[in-house]
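The values are calculated or read from the model by the stated rules, or taken from the named source; none is laboratory data. Given the structure is predicted, the values throughout are model-derived calculations rather than measurements. No Cβ is skipped: glycine too gets one built from the backbone with ideal geometry, and neighbour counts run over all protein chains shown.
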Amino acid sequence: MDRIVILTGAGLSAESGLGTFRDVGGLWTKYDLEEVATPQGFARNPALVHEFYNARRANCRGATPNPAHTALARLQAALPDRVTLVTQNVDDLLERAGAALVIHMHGELTRALCGACGHRWAAPDVMGVDAPCPACGTASTRPDIVWFGEMPYHMEQIDTALAQADLFVAIGTSGNVYPAAGFVQEAGFAGARTLELNLEASATSGLFDEARLGPASQLVPEWVDEVLRGR
Ligand code: OAD
């Protein structure tokens, strides 16, 4: 049985109108990531960090899944025991496209996390510094997002899936942020074939067995059709 592990990045949601990070006009060209995406930045100015993620939550609410999200949901529904969907994205567009199980290694905009007791709950649309944790009452609410310098979520589950993969596919990610950027090698060492689907060559393109260049909304449905024809 062929097992497929799929890693997605910001390029998957680009055509839904959610900005990527490192492309021209990307989020990290407009905001200082040290200020809005590190624990130190949050300690210095929590209001600024909340403002940044409140805006991203609003953008996400206004966006709709594109054909690439829909195709991945269709693939997972057709092959539920064979497809592991891992995303670096904090949006919920894969879920809204119908994907049943998405591993969010960098957290989720729709979740809140208490910095004091670790309790998690559904994020309100607008989060502020004074919001108390519903479990312990402390006002140290933060978005449940993995910031730079923090450990990504679900790594054990992801490493197990990579070790068992026959095919690893990276979609719409620039290959700049580890550990996700290292998954291609991890899967390759474990014997998987590796495929990149991206608008342009990523930082790790040379590590893949095959790279296809183009917009995700076109490449992903084509590839999914190909997999489902050959199953
Ligand atoms: P990047 O912004 O680094 O890369 C996006 C990639 O998507 C680029 O390689 C683009 O060429 C590609 N791309 C853009 N539009 C596309 C389209 N329509 N179809 C296909 N590909 C397209 O985003 P990520 O690699 O996801 O982490 O960034 C990884 C992490 O860095 C993010 O999860 C975030 C960020 O800092 C945190 O905030 C912790």
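Within segment 91-111, one or more residues are closer than 19 Å to ALA47 by Cα and more than 12 Å from the ligand (Cβ to nearest atom). Within segment 192-216, residues that are within 12 Å of GLY11 (Cβ to Cβ) and surrounded by 21 or more Cβ atoms within 10 Å (Cβ to Cβ) have Cβ atoms under 8 Å from residues that are at pLDDT 95 or above and among the acidic types (Asp, Glu) in these pairs: GLU196/GLU210; SER202/GLU196; ALA216/GLU15, counting only partners at least 6 apart in sequence or on another chain.
If the condition is being near the ligand (Cβ under 8 Å from one of its atoms), buried (at least 18 other Cβ atoms within 10 Å of the Cβ) and in a loop (DSSP other than H, G, I, E, B), then segment 156-176 contributes GLY172, THR173, SER174, GLY175. Take ALA37 and decide whether it is more than 10 Å from the ligand (Cβ to nearest atom) and assigned by TED's automatic domain parsing to the domain that holds SER140. No: the conditions fail for ALA37.
For segment 122-140, a residue qualifies if it is charged (D, E, K, R) and more than 19 Å from THR110 (Cβ to Cβ), and exactly one does: ASP130. Pairing each residue of segment 138-161 that is under 20 Å from ALA112 (Cα atoms) with any residue that is acidic (Asp, Glu) and away from the ligand (no atom under 13 Å from the Cβ), provided the two are 6+ apart or on different chains, yields C-beta distances under 9 Å for ALA139/ASP130; THR141/ASP130. Working carefully through the options ALA216, ALA203, ALA180, find the one that is hydrophobic (A, V, I, L, M, F, W, C) and either in contact with a helix residue (DSSP H, G or I) (Cβ under 6 Å, 6 or more places away or on another chain) or away from the ligand (no atom under 16 Å from the Cβ) (or both). Checking each option against the conditions leaves just ALA216.
Is there a residue in segment 55-67 that is within 10 Å of the ligand (Cβ to nearest atom) and closer than 19 Å to VAL102 by Cα? Yes, some residue in segment 55-67 is within 10 Å of the ligand (Cβ to nearest atom) and closer than 19 Å to VAL102 by Cα.
Annotation: of all residues in segment 132-155 being away from the ligand (no atom under 16 Å from the Cβ) and under 26 Å from GLN88 (Cβ atoms), the one that is surrounded by the fewest Cβ atoms within 10 Å (Cβ to Cβ) is SER140.
Table: residues versus (1) modelled with pLDDT of 95 or more; (2) within 11 Å of the ligand (Cβ to nearest atom); (3) within 27 Å of GLN185 (Cα to Cα).
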| position | (1), (2), (3) |
| --- | --- |
| ASP2 | no, no, yes |
| PHE21 | no, yes, yes |
| TYR31 | no, yes, no |
| GLY41 | yes, no, no |
| VAL49 | yes, no, no |
| THR70 | yes, no, no |
| ARG82 | yes, no, yes |
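Checked against the criterion of being in contact (Cβ under 8 Å) with a residue 60 or more places away in the chain and assigned by TED's automatic domain parsing to the domain that holds GLN218, the candidates LEU101, LEU94 yield just one match: LEU94.
Elements of the type strands (runs of 3 or more DSSP E) sitting completely within segment 31-114 and holding at least 1 residues that are basic (Lys, Arg) and surrounded by fewer than 22 Cβ atoms within 10 Å (Cβ to Cβ): these cover 107-114. For segment 120-140, check the following and say yes or no: at least one residue is outside any loop (DSSP other than H, G, I, E, B) and among the hydroxyl-bearing types (Ser, Thr, Tyr). Within segment 120-140, not a single residue is outside any loop (DSSP other than H, G, I, E, B) and among the hydroxyl-bearing types (Ser, Thr, Tyr).
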